[in-house]
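Taken together, the values in this text are just the output of simple stated rules run on the coordinates, not laboratory data. For clarity, every value in this text was computed on a predicted model and none was experimentally measured. Neighbour counts run over all protein chains shown; Cβ positions are idealised from the backbone, glycine included.
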Amino acid sequence: MKIQVVRQACCSQDDQIGPLEMAFDVKPDCRLDEFLSVVQRSGFLQFSSSHSEMSCRFAGREVARVFSPYRLVGRKTRFAVAPETPVRDIPTRGVVEFDFDRPSTAVTAVGMDEARPPDSMLRRALRASLAVLLFVSGVLSVFALVVGLTFGFNLWRWDRPGVTVGWLVLVLLPLAVYRVVKNEPRSMRVLAVCAIVFWVPPLYVVGRAFE
């Protein structure tokens with residue numbers, strides 16, 4: 001079965017660079033999630049910073065939402081119908097459309113009672129701020145270790161807690177950054193406090209170095 005897929009351009013130059021239509025050969029037993037995976041891997045869909053999610057419509061009916069693979073916070077495809085539904089069982093009129101628009105309340109993760117609300121601008125801004133804060137904290141921790149090595153501090157003795165905690169920060173920082181990406185709102189405050197606490201060891205070490 002051949003299905004014609006059309007997409008909306010993500011920017012003014014997009015329609016001049018890549019095709020806006022493409023035909024896909026689909027096997028009779030092809031599932032919806034498999035079909036969307038093939039379309040995404042083909043590179044046919046294009047996203048931009050201001051257009052990072054697309055609605056997939058079969059005969060005008062939204063069946064799923066796909067997200068840009070380049071987002072800082074990755075999101076999996078969300079389905080309005082069961083992902084294992086065969087494509088042949090969904091009326092398509094021969095054309096599948098991908099366009100940028102507001103999320104439909106009909107689209108929800110399978111197994112949930114209601115649609116998951118999209119991230120608010122405030123929450124995304126807070127996540128970005130925490131990511132920057134943790135990055136700066138990590139840079140300061142590396143600086144603390146360099147200062148400690150330069151001034152001959154013993155990195156393995158607890159009588160030099162600033163440098164020792166600096167080591168711990170380097171170990172825990174990747175986990176903290178992962179939590180920023182995957183966290184729930186209730187852990188935002190904890191992450192913010194941890195990020196600020198990470199600044200203490202570098203400041204302590206630098207102060208000891210220049211006594």
Assuming a ≥ b ≥ c are the square roots of the Cα gyration tensor eigenvalues, decide whether the range 39-97 counts as rounded (a/c under 1.5), prolate (otherwise, with a/b larger than b/c) or oblate. prolate
Gain on full stretching of the segment that runs from T85 to V132 - 0.36 nm per residue minus C-alpha separation: 12.8 nm
At a 10 Å Cβ-Cβ cut-off, how would you order M1, M54, fewest neighbours first? M1, M54
Which length gain, in nm to one decimal place, applies between D25 and Y70 when the Cα-Cα distance is subtracted from 0.36 nm times their residue separation? 13.5 nm
So for I90, I3, fewest C-beta neighbours within 10 Å to most, what's the order? I90, I3
